[in-house]
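As structure tokens, the structure follows; a few thoughts come after it.
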Amino acid sequence: MAALDRQRLSRLLPYLRHDRRRLILVVLLLIPVALAAAIQPLLIGQAIAVLRGEPTAAWLAGKSVSEAMRTLVLILFGAVLFRLALQGGQSYSVQAVGQRLTARIRDDLFRHALALSLRFHDRTPVGKLLTRLTSDVDALAEVFGSGAVGVLADLVTLLVIGVTMVSIEPRLGTLLLVSQVPATLAILWLQARYRRANYRVREELSQLNADLQENLQGLEVVQMFRREATNSARFAVTTSAYRRAVTGTIFYESAVSAFIEWVALTAVAVVLALGGWMVIAGSIGLGTLTTFILFSQRLFDPLRQLAERFTQIQGGLTAVQRIGELMEQPIEISDLELGLRSSAAQRSGLLRASAGEVIFENVSFAYRPDDPILTDLSFHIAPGEQVALVGPTGSGKTTIIRLLCRLYEPQSGRILLDGIDIRELPSATLRQRLGVVLQDTFLFSGNVADNLRLDAPIPQADLERICSELGLDPLLRRLPDGLATELRERGGNLSSGERQLLSVARVAMRDPSVLVMDEATAFMDPSTEATLQRDLERLLTGRTAIVIAHRLATVEAADRILVLRRGRLIEQGTHRELRAAGGLYAELAELQERGLARL
């Protein structure tokens, strides 16, 4: 575990390179801050020695009591101000570097999460990802801002105080330093146990966030089916597990603090007893004993602060572990390096135009090894051909679209676009040539214009003209601010049909060579669908189209129909040919005509 921790911590070093000058300054300030803290007990001890007439430092010799006291007070006041000023600047610098560090890490985590394949996201709840992007990164910021540099400062302070004490009185100084050993061993012993308990806390927090996110997203279903009480009871179980996990960490936090206080009080008592005997014997002065009592209190301050930071430090190490686990997730779908692409793929990547030929060659795919979805599937779609995919639920229609868009990789076989394996094409080129309208429309928060543009740099005048050509004027007139209308999360202030209309329009604006439509008009009312139909026909002209539809009228208009069952192509042909063949398609069509089934 320690070696893995060091490896993961080393991955954070590149994030700190941008702030290395400020970090060097922070480290250099540790020594004067520690010296300013160490000089205060010495000055107080000298003041007592002056008042009692005991031997003092050479620079106070020959001065009267009042003059010596004024000098000591001024130096003490200056040391306190100097220390506070340095600590203020140091704290600000550390916090600023910590925030910049975590901002860079969060940005990289977000980019990495977006680059991970849908296979990873299928098995990872959104709430767990959010926990790593938010609370785990915040824990890392906290441990860096007040933990890592603080521990280093405590070690420097401990070293300065230890050297000072031993140089003044070796016997008492060595006694106090030896008392640090059991406290340090106790902290190290509890570290591993707290680490495991804290990891469980993070896991339970992830599950709590996942349950909360799922219930809020499905709130409509929860309320309609009166699941409030049942879901609340299930959430209470998750909350109870999180509470028990947190309770498990409280014992270790309390044990560390209590043990350090016990050792500190014991050490101070021993110093008082032994030092008092030495004062009576004349071995040391009362001023020296006072100095050691103050030093004994300050000597344990680093350990006390370490105990206070114990939770932060272990939480930060747990956060580093969990963040590292996410960053170590392999990116399954990525572009080939330029040198590994074929010359045809390199040339194709530079061109925006595409004929739109689609070929599946012996493609097999499964989300799980024991549940194949597509088996040795092969078909060819000519440029400009309009093909409909038909089959029972679970036959693999939507999976074909996901593989074509390279959201998943097939286990075997290959997919060609214009004769080029799509794995050799840059992702940006592939996605530009494919226009996909899904049944489940997703709109981002923001205005209508931003949702239509997405990543395309379309000027406002051109955007208005294209919207008019696509028949969006009636919809835009209904909206209060037209294209500038702000949309709520997932387009909640629009109807399902209006959201679908916008999704079709934003695909049309990109002028794709292959148009993929998964029941694109499913949520449109007859009036809206009729308005869009003319524009869809114009959009489909001259383009390859792959249509998943359950309405007989949509399927009949296709040049060819591919009939799937359990991931295999069992029939293909025109509507008339398949009806005449009397196979699965004919059965589904007849049932739909009777209102008993969907294609």
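Residues in the range 197-222 that are of a type in the set (D, E, K, R), out of contact with any Asp or Glu (no Cβ under 8 Å at 6 or more places or on another chain) and modelled with pLDDT of 75 or more: R200, E203, E204, D211, E214. Taking the listed residues T247, T266, the one that is at pLDDT 80 or above, under 23 Å from I313 (Cβ atoms) and not small (G, A, S) is T247, with no other qualifying.
Considered as a group, the residues in the range 408-433 that are farther than 21 Å from L569 by Cβ and hydrophobic (A, V, I, L, M, F, W, C) include one that is surrounded by the most Cβ atoms within 10 Å (Cβ to Cβ), and that residue is L425. Restricting T393, T398 to residues that are within 33 Å of the chain's Cα centre (by Cα), under 19 Å from L438 (Cβ atoms), at pLDDT below 90 and among the β-branched types (V, I, T) narrows the list to T398. Of the residues making up the range 430-447, not a single one is over 30 Å from P480 (Cα atoms), among the β-branched types (V, I, T) and touching a Ser or Thr at 6+ places or on another chain (Cβ under 7 Å). Look at the range 151-179: where a residue is in the same structural domain as R304 (by TED's automatic domain parsing) and surrounded by 18 or more Cβ atoms within 10 Å (Cβ to Cβ), no partner that is among the aromatic types (F, W, Y) and outside any helix (DSSP H, G or I) sits 6+ places away or on another chain with Cβ atoms under 8 Å.
When the range 258-269 is filtered for residues that are within 20 Å of L294 (Cα to Cα) and exposed (fewer than 15 other Cβ atoms within 10 Å of the Cβ), the ones remaining, listed by number, are W262, L265, T266, A269. Among residues of the range 45-63 that are in the same structural domain as I75 (by TED's automatic domain parsing), those with a beta-carbon under 8 Å from a residue that is at pLDDT below 70 and not in a helix (DSSP H, G or I) at least six positions away or on a different chain give the pairs Q46/T56; Q46/A57; I48/E54; A49/P55; A49/T56; V50/T56.
Inside the range 258-277, residues that are free of Cβ contacts under 8 Å to residues at least 60 places away in the same chain and either more than 46 Å from the chain's Cα centre (by Cα) or not in a helix (DSSP H, G or I) (or both) make up a count of 6. G394 passes every criterion in (1) exposed (fewer than 15 other Cβ atoms within 10 Å of the Cβ); (2) free of Cβ contacts under 8 Å to residues at least 60 places away in the same chain apart from (2). Taken as a whole, the structure places L212 among residues that are among the hydrophobic types (A, V, I, L, M, F, W, C), in contact (Cβ under 8 Å) with a residue 24 or more places away in the chain and assigned by TED's automatic domain parsing to the domain that holds D122.
Here the condition is being at pLDDT below 75 and on the phi < 0 side of the Ramachandran plot; of R309, R322, it holds for R309 alone. Looking across the range 369-396, the residues that are part of a strand (DSSP E or B) and within 28 Å of D511 (Cβ to Cβ) come down to F379, H380, I381, Q386, V387, A388, L389, V390.
The values are calculated or read from the model by the stated rules, or taken from the named source; none is laboratory data. In this text, all values refer to a predicted model and were calculated from it rather than measured experimentally. Using ideal geometry, Cβ is built from the backbone for each residue, glycine included, and neighbour counts are taken over all protein chains shown.
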